Amino acid sequence: MIHVGVIGCGKIAQVRHLPEYADNEEAQIDGVYDLNPERAKEIAEKYGARSYSSYEELLENPEIEAVSVCVANDAHAEITIAALKAGKHVLCEKPMAVTLDQCNAMVETARACGKYLMIGHNQRLAKAHRMAKKLLEKGEIGNILTFKTSFAHSGPENWAIDRNNMWFFDKNKSAFGAMADLGIHKTDLIQFLTGQKVSEVSAVITTLDKRDSSGQLIGVDDNAICIYKMDRGTVGTMTASWTCYGPEDNSTILYGTDGVMRIYDDPKYSIVVEKRDGDRVYYEVDQIQTNENQTKSGIIDLWVECLVRKQEPEISGEDALSAMKAVFAALESSKSGQCVRVR
């Protein structure tokens, strides 16, 4: 039995981490902490756990072996590093941190402390994405030449528990907007599917529509459009948007030398392969989860399995670092108006 603590009891914790830990026979929620003590108390009562007055107090409990860090972006690095130094394994929500130095420090601390660090890039765990990866490795569409991948919905205000006290639009707490909220998912995914790393980025990252309570445009981006060049020559686009005021778009299309693969692009079939000779193959695997239709992410089960088996997580901090480097390169590209190499 793995004894866990959850730091931050907002929406992501309430719909993913907490219920998925509770559903896993190998995990037990021992403690929770939230800036809102009443919320933490309610969550603790619901899951039979203890509510702590600070995250430091939670980390002092020697029975807790691992923690989920589900707080605002600006606190990811601070709490993750503190938890690792306290001897806990850490599952941190995305984006990993708000600066590359912080990301590197998280990875280095995990290594120095001999603890696991995993980042919540759940898109690569979706069933259709896992199947697509296998099909691509078998050469179903030949060599991948180009791609386009999108993650677009109507914005985090339609997801957050308290729309009037939401950190997503606060640049001091979030640091960045749609690019790191949604774009990090698709960046990690396209690297996973293609087996390639982003090597160069040209990007436009901007704020087009979202406004704060005073009517001013928010201080973080609500749209990001990137051209990614991969390290083995594949080129494609990645679009992240908080201004999709219609059905959510979570599609990926890959164009190969022998055909086209469409993932979560068809309302019925989660994968459609269109062969060069005109044949079509349809795969009815699952439906991608949306803000309105939440399904099990797979992140917690994978995390707990790694802890039980004492093996490095597939989505380790070190693995997630390359996607974060692409995000920071995209931000630099948008600011400079130049193509930027990922370093």
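The values are calculated or read from the model by the stated rules, or taken from the named source; none is laboratory data. Quantities reported herein were computed from a predicted structural model and do not represent experimental measurements. Cβ sites come from the backbone with ideal geometry, for glycine too, and all protein chains shown count toward neighbours. Remember, those area values only see protein heavy atoms, side chains included, never the ligands or the DNA or RNA. Shrake-Rupley method; radii C 1.70, N 1.55, O 1.52, S 1.80 Å.
List of remarks:
- Residue match in the stretch 23-34 (condition: assigned to a helix (DSSP H, G or I) and either free of Cβ contacts under 8 Å to residues at least 12 places away in the same chain or in contact with a Phe, Trp or Tyr (Cβ under 7 Å, 6 or more places away or on another chain) (or both)): no
- Residue within the stretch 206-215 that is β-branched (V, I, T) and touching a residue at least 40 places away in the same chain (Cβ under 8 Å) present: yes
- Condition met for V304 (aliphatic (A, V, I, L, M), surrounded by 15 or more Cβ atoms within 10 Å (Cβ to Cβ), at pLDDT 95 or above and in the same structural domain as A180 (by the TED database)): no
- Positions within the stretch 1-58 being in contact with an Asp or Glu (Cβ under 8 Å, 6 or more places away or on another chain) and open to solvent by 60 Å² or more (accessible area, probe 1.4 Å), in sequence order: M1, E26, R50
- Test: residue in the stretch 264-273 that is under 20 Å from F147 (Cβ atoms), open to solvent by 40 Å² or more (accessible area, probe 1.4 Å), part of a loop (DSSP other than H, G, I, E, B) and not acidic (D, E): yes
- Residues satisfying the stated conditions in the stretch 213-238, i.e. open to solvent by 70 Å² or more (accessible area, probe 1.4 Å), under 24 Å from K173 (Cβ atoms) and not in a strand (DSSP E or B): S213, S214, Q216
- As a summary of the residue check, A203 satisfies the conditions (1) farther than 21 Å from I12 by Cα; (2) among the aliphatic types (A, V, I, L, M); (3) open to solvent by 20 Å² or more (accessible area, probe 1.4 Å) except for the one numbered (3).
- Among residues of the stretch 166-199, those that are in contact with a Lys or Arg (Cβ under 9 Å, 6 or more places away or on another chain) and of a type in the set (S, T, Y), counted: 2
- Counted as qualifying within the stretch 57-142 are the helices (runs of 4 or more DSSP H) with 2 or more residues that are of a type outside the set (V, I, T) and over 26 Å from G298 (Cβ atoms), namely 76-85, 100-113.
- Residues that are assigned to a helix (DSSP H, G or I), at pLDDT 95 or above and open to solvent by less than 10 Å² (accessible area, probe 1.4 Å), drawn from the stretch 173-191: A178, M179, L182, G183, I184, K186, T187, D188, L189, I190
- The test for being β-branched (V, I, T), buried (at least 21 other Cβ atoms within 10 Å of the Cβ), closer than 22 Å to G10 by Cβ and in contact (Cβ under 8 Å) with a residue 40 or more places away in the chain does not hold for I141.
- In the stretch 246-262 there is no residue that is surrounded by 15 or more Cβ atoms within 10 Å (Cβ to Cβ) and over 25 Å from D286 (Cβ atoms).
- Condition met for Q196 (among the polar types (S, T, N, Q), at pLDDT 95 or above, assigned by the TED database to the domain that holds R232 and under 18 Å from S316 (Cβ atoms)): no
- Residue within the stretch 302-325 that is over 22 Å from K94 (Cβ atoms), outside any helix (DSSP H, G or I) and of a type outside the set (K, R) present: no
The rows are residues; the columns are (1) farther than 23 Å from D170 by Cβ; (2) under 17 Å from the mean Cα position of the chain (by Cα); (3) of a type outside the set (D, E, K, R).
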position	(1), (2), (3)
H17	no, yes, yes
N36	no, no, yes
Y55	no, no, yes
E65	yes, no, no
D74	no, yes, no
M96	no, yes, yes
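- Verdict on E157 being in a helix (DSSP H, G or I), in the same structural domain as K133 (by the TED database) and surrounded by fewer than 18 Cβ atoms within 10 Å (Cβ to Cβ): yes
- Taking the conditions (1) open to solvent by 20 Å² or more (accessible area, probe 1.4 Å); (2) among the polar types (S, T, N, Q); (3) within 25 Å of K325 (Cβ to Cβ) in turn, Q196 satisfies each one other than (1).
- Put simply, of E78, E65 the only residue that is in contact with a Leu (Cβ under 9 Å, 6 or more places away or on another chain) and surrounded by fewer than 20 Cβ atoms within 10 Å (Cβ to Cβ) is E65.
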